[in-house]
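Everything on this sheet refers to the single structure shown next.
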Amino acid sequence: MKVNSWSVVRSPAGISAKPLTQHNEIEVCVSIKKGKLHIGVHRDGQDTALRVFKVAIKPPKPKKRIIKHAPGAVRAINQWVAEQAFNKGNEHMMWLYLLSAEFYEGEAQ
């Protein structure tokens with residue numbers, strides 16, 4: 001397959017790429033072995049690499065991030081939403097918002 005003036009083919013361990021325009025005696029082989037990315041530079045037709053780069057592949061660890069809002073801010077927002085719910089005739093939702101503000105304040109302390 002031709003990709004941006006490179007010839008790219010499958011190799012036994014991964015893929016091999018060879019430039020079609022310049023340095024056509026150089027071949028680059030890329031493979032993944034035991035959790036490492038192996039990049040080897042070879043002379044065309046030779047099995048031994050001129051240079052091999054090995055880079056560990058590790059997925060980034062997700063960071064546990066807990067955001068705690070100030071109880072006063074949560075109370076103010078819930079009171080505003082409760083007032084909106086009351087104005088729309090949803091008295092049961094108003095009580096739910098006010099109760100959730102009380103629970104949040106109790107958990108934060």
Quick one: in region 22-41, which of the residues that are under 15 Å from Trp6 (Cα atoms) and at pLDDT 80 or above is surrounded by the most Cβ atoms within 10 Å (Cβ to Cβ)?
-> Glu27
For residues that are in a helix (DSSP H, G or I) and polar (S, T, N, Q), scanning just region 65-109, find the one that is surrounded by the fewest Cβ atoms within 10 Å (Cβ to Cβ).
-> Asn87
Among the residues of region 35-74, the number that are hydrophobic (A, V, I, L, M, F, W, C) and touching an Asp or Glu at 6+ places or on another chain (Cβ under 8 Å) is 2
Enumerate the pairs (first residue in region 1-22 and small (Gly, Ala, Ser); second residue anywhere and surrounded by 10 or more Cβ atoms within 10 Å (Cβ to Cβ) and in a loop (DSSP other than H, G, I, E, B)) with beta-carbon separation below 8 Å, excluding pairs fewer than 6 apart on the same chain, so at least 6 apart or on different chains.
-> Ser5/Leu20; Ser7/Leu20
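The values are calculated or read from the model by the stated rules, or taken from the named source; none is laboratory data. What you see is a predicted model; the values in this text were computed from it and never measured. Quick reminder, even Gly has a Cβ in these numbers, built from the backbone with ideal geometry, and neighbours come from all protein chains shown.
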